[in-house]
Every structure is written in C-alpha cells, then in structure tokens.
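Before any comments, here is the structure.
The values are calculated or read from the model by the stated rules, or taken from the named source; none is laboratory data. On a predicted model such as this, the values are computed, not experimentally measured, just so you know. Ideal geometry is used to build each Cβ from the backbone, glycine not excepted, and the neighbour counts take in all protein chains shown. Accessible surface is based on the protein model in full, side chains and every heavy atom, while ligands, DNA and RNA are left aside. Shrake-Rupley method; radii C 1.70, N 1.55, O 1.52, S 1.80 Å.
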Amino acid sequence: MISSLRPASLALVAGLLAGPVAAAPCSDTGANYESWKPQMAQEAAAVGVGQRGIAALMGTSYSSRTIAADRNQKSFKYSLDKFMQVRGSEMIVKQGRARKAKSPDLYAALERRYGVPAGVLLAIHGMETGFGNFMGDTNVVSAIATLAYDCRRSDFFTPHLLAALVLVDRGSISTASVGAKHGEIGHTQFLPGNALTYGVDGNGDGRVDLTNLTDALASTANFLAAKGWQPGLGYQPGEPNFAVIREWNAASVYQQAIAIMGQRIDR
C-alpha cells in the first residue's frame, strides 16, 4: 500500500511554500543568529508550527559548514563530460543496472503506479547519495535554519524551514536527524517542503521515512509524476519528460547526466 498526505496536510504545505512568510531579518554573517531565532519562532508559531517544532528551532546552531557548501558548488560549473566523470557516472550505471536486476518487482510496481521508469529513479538515487551509502552528516534543522537566516536565499529556504519544523512536530524527523549540507533528507535528498508535499509511505508501515529505500523511491517517483511526467514518453533533451527532470534539479549538467545515465540503465 502506498499512501500520500491527507488533504489538510497538503493545504498546510501549500501555505508554507507560498512564501515569503517570515519577517525575521536575514543576515550575511552568523553574528545575529541567536537573536534571529526567537523572531523566527514567532513567525513559525503564527503559521501553526507546534511546541516541538519551535523547540527544535530554538535548539539549532548556525552551520558554518552549510554556508561554506552553499558558496562552493563548483561541480555544477563543469562541462557535462567532466561533471559525469567527477560524479562517477560509470559506476552509477553499473550499480543501477545491478539494482534493477536484483529488485525488478519493486521498480516495475513504481513504474505502474507513477509512470516513471527505473533508470531515472536509479540515476537520481546514485547521483544523490551513492545509492544510500552517504545520506549526509549535517543536522537537518540547523542547516535549513541557517539558510533561512542567510540573506542569499532566505525567501527560498524559509518555507522549507517551516516545513522542517512541521516534520519535527509530526515525528517524521527529529532534532538529531542528519542530511546533506543544505538540509536535504534521505536516499534521494528531499528538501523538507518537498518531503511534506510529495512524501509517500511506500512500504505501508504507516509513516513516511525517506531514509527507508522504498519510501524514498516512491516519493521520488511521486514528485516526478506530480510535476507532469508522461508515462511511456522520452526523457532525453528535447523530449517531453526532460522538462520534468529539470524540476528535480536546476543545473543543466545534472539534468543531462540523469537523462543519459537513466537511459543507459534501462537498456
């Protein structure tokens, strides 16, 4: 059984992501972070974040590692060939084919339900976390809070911070949860707002856990389907579903790499 968010949850998420919702002032340094937190907490409470979420926000610390990573995303500036070499495309294709062969029923079920072929899901899984081998080492709530506080992309990350606090309220993540440097969660690295909106219970255990492989793959397929994936149509540049891959990541080299690796995995 694969279940998705209740309509009320979807309405809440839509409100959180409509942004900008917070008036707490951003900053280009960590100097004012501690005074920012109670102001942000007031804004979070005003949109319905509960006590656990507020406590999680107040317990965060400014993440210098997150800011350093945000300022240093060099790989997206590489040529396509260099990007694929650096990101290990040959190994991703090899392991992707092996994983598809090992669990054909899982990928077939996902394609029947969402229309997304195995190759695309496996390419994303391999690209994002090396098939779950490294899902991050940074505190999720602190990372997202730091990016919401930082002026560079505060409007973008503030709704994701609020979503992360809702996830804490619901027990989907905790104050100890770790993810990528920008607060992405799980096998395929969902930002918290996307986790709330598109996360599904793929293994039927009653909760959405993106560190669980089946939940993560089902959620990824659900995201792509919701963004307009057309079953049976192509996903190379110029084909209908390539525009959907663009919804997953804004970097053109990333988009092209996923399309190429996905096609090679599915051959």
The percentage of the accessible area of the chain (probe 1.4 Å, all protein chains present) made up of carbon and sulfur atoms, to the nearest whole number, is 51
Label model pair N133, T211: point-to-point distance (7 angstrom along the Cα→beta-carbon line) in nm is 2.0
Expected field for Y62, accessible surface area in Å² at 1.4 Å probe radius, rounded to 10, holds 60
For K94, counting only lysines whose alpha-carbon sits under 23 Å away and dropping same-chain residues fewer than eight positions off, the answer is K82, K102
Within the under-14-Å Cβ sphere about G88, not counting G88, Lys/Arg +1 and Asp/Glu -1 give a net charge of +1
So E239 and R267, fully extended at 0.36 nm per residue minus their Cα-Cα distance, gain in nm 8.3 nm
Env charge @ A257, Cβ radius under 12 Å, K,R +1 / D,E -1, value 0
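When the chain is fully extended, how far beyond the present Cα-Cα distance does D155 get from K77, taking 0.36 nm per residue of separation? Don't skip to the end; give the middle numbers.
Details: separation 78, 0.36 × 78 = 28.08 nm, distance 2.39 nm.
Length gained between D155 and K77: 25.7 nm.
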With only helices counted (DSSP H, runs n ≥ 4, each -39500 (n - 2.57)), the per-residue ellipticity at 222 nm for the chain, to the nearest 500, works out to -17500 deg cm²/dmol
accessible surface per residue for the chain, probe 1.4 Å, DNA/RNA/ligands not counted, whole Å² -> 45
Counting Lys and Arg as +1 and Asp and Glu as -1 over every other residue whose Cβ sits under 11 Å from the Cβ of D215, the net charge comes to -2
Under the 7 Å Cα-to-Cβ spin-label approximation, D105 and N203 lie apart by a distance in nanometres of 1.5
Using a 1.4 Å probe on heavy atoms of the protein chains only, the accessible area for M135 in Å², nearest 10, reads 50
Computed over the chain, the relative contact order (Cα-Cα under 8 Å, seq sep at least six) in percent reads 26
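Expressed in nm to one decimal, what extension gain is obtained for the pair V47 and S61 from 0.36 nm per residue of sequence separation less their Cα-Cα distance? Write out the running numbers ahead of the final one.
Working: separation 14, 0.36 × 14 = 5.04 nm, distance 2.23 nm.
The V47-S61 span can extend by a further 2.8 nm.
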Note on region 99-243: contact order normalised by length, alpha-carbon pairs under 8 Å, 6 or more apart, percent, works out to 22
